[in-house]
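Read-outs: derived from the displayed coordinates by stated rules, not from any lab. None of these values were measured; they are calculated from a predicted model. Don't worry about glycine lacking a Cβ; one is built from the backbone with ideal geometry, like all the others, and counts go over all protein chains shown.
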Amino acid sequence: MDDDVITQRRVPANGAKPPQTSAPTSVFDAGTRAKAAARPPEIALDKIVIRKGVPKPDPLRVRDKWNPLISRMAPGDSVELPLHQAKNLYSACKKVGEASKPRKTFSVRTINATTGAVWRDT
């Protein structure tokens, strides 16, 4: 039974050495080379400038075309829009709601195949 063991070896043709290439020797080697090449350069921490007294922007200043509509909505209010626009409005509402203190919550529902509605819950 020991005679049935097959051993596979790489032997260069005619005894020549394999060519020197930048190709990976295995599929696993390719990933490590890509990661090494993608690393950002080292940062000199002593060269970074620290600025003092810079005002922090207000988180509610999410620049969005929906903000005027969102700011007019009170709890319990809803708007109906074409379905794709209702989904876009809801996405903007979530951003504004998470940044608000107290937090505002919104819901979106599909009314029919072409219409959606967004409610302000709190």
In which sequence would D64, D77 go, from the one with the fewest C-beta neighbours within 10 Å to the one with the most?
D77, D64
Which residues qualify? For T105, with a placed amide H closer than 5 Å and at least 5 residues away or on another chain, they are D121, T122
List the pairs from K65/K95; K65/K87; K52/K101; K65/K104; K52/K104 whose alpha-carbon separation is above 22 Å, in the order I gave them.
K52/K101; K52/K104
Could you give each residue of the range 102-112 its phi-based ³J(HN,Hα) in whole Hz, using Karplus coefficients 6.51, -1.76, 1.60 with θ = phi - 60°, and x for Gly or Pro?
x, 5, 9, 10, 9, 10, 10, 9, 8, 7, 8
With x for Gly and Pro, the residue-by-residue ³J(HN,Hα) of the range 39-55, computed from phi through the Karplus equation 6.51 cos²θ - 1.76 cosθ + 1.60 at θ = phi - 60° and given in whole Hz, is 5, x, x, 4, 9, 7, 4, 6, 9, 6, 8, 9, 9, 10, x, 7, x
Set of the range 88-105 residues, backbone N closer than 14 Å to the point 7 Å along the Cα-Cβ line of D64:
88-101, 104-105
The equivalent-ellipsoid semi-axes of the range 75-120, taken as the square roots of five times the Cα gyration tensor eigenvalues and listed largest first in whole Å, are 20, 10, 6
